[in-house]
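Presented below is the structure to which this report refers.
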Amino acid sequence: MIEEVGLTSDSPGWLTPIRRAREREDFGGDDLVSADELSEFDVAGLHIGGWDDAMIRETLRHFTSVGRGPQSLIVGPWAHDLRPGMVGETSFGRLQVEWMESIFSARPVTINRVFDRGASDWSSEPYVTGANRVRLEPDPRTAPFNFTHHADEGRNDCVVWTFDMEVECVLSGMPSVELTVHSPEGEADWIVELSVVDSAGVTRSIARGAGVSLCSGTLTIDLDPVLHTVRAGDVLTLRIAGSDFPRLARNLGDGDRYRGTRSTALHQSFSGSLTLPILGGTGRG
């Protein structure tokens, strides 16, 4: 199909990695074009995603991996599709046309429009991961560290950690949660969600992540990438759960989440911390 539409002849930068991938595995493999091959591309790129898009990690990975050629990025407060193309006073459809016209006229422009949901404003600065990695730990005197799910008696498999933010900071990049987990019944899901509660009491979910443990040990869960200004006085909440139903079938701990019939109680306990990627100065909860 690619050859039929002339993509490889009109865009020679794609030809080599696609041929290599086809030699390595059948078309449709999980990793058709590798990160190393992306780094060899010498093509202009316009990468468009949304903070609520399930593919935002891949969008930003492609943006940062292409090694040569001018790369542009648009990330807005939307999900996977951008319709009808107007957000506020900006026509993103027109912006894409202007970008394509610049490429075809051999005068490529670079576009950087990334929405900061905390500041409710667009940033025109290149998107980068915050160099300061700040680690927050919950207060062991007040934070819960375990939950139980019982298929017959209901469920209580969610705890919330809170962190009071004393100074303003900008989260930029991929937060992570490091857990030391214990689930004596076996395999277990670990679902985490990071939210910001502002001074008016409004809660905004900004990042989610998930992991699976097969036995007791350490588990690192990368959350969705963010760009979010956190104000002094805001509260970060980290919700940790053992299920993400209905997004994900419930893991009953017997090795098959789709056909499992286990009905015994599942106990999950843990300790851990939240690590934030911060631009410039640091903030503390």
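The values are calculated or read from the model by the stated rules, or taken from the named source; none is laboratory data. Note that the coordinates shown come from a computational prediction; the quantities given were computed from them, not determined experimentally. Every residue, glycine among them, receives a Cβ derived from its backbone with ideal geometry; neighbour counts consider all protein chains shown. Please note that ligands, DNA and RNA were not included when accessible areas were found on the heavy atoms of the full protein model with its side chains. Shrake-Rupley method; radii C 1.70, N 1.55, O 1.52, S 1.80 Å.
Given a 1.4 Å probe and the protein chains as shown, His80 ends up with an accessible area of around 130 Å². Using R0 = 35 Å, the C-beta based FRET efficiency linking Asp254 and Ser205 works out to 0.70.
Here the extension length gained between Asn146 and Asp42 equals 32.4 nm, from 0.36 nm per residue of separation less the Cα-Cα distance. For the pair Val109 and Val128, the difference between a 0.36 nm per residue extended length and the Cα-Cα distance amounts to 4.9 nm. Qualifying GluC sites (Glu not before Pro) in the stretch 119-223, where qualification requires a DSSP coil assignment and no more than 13 other C-beta atoms within 10 Å, comprise Glu153, Glu166.
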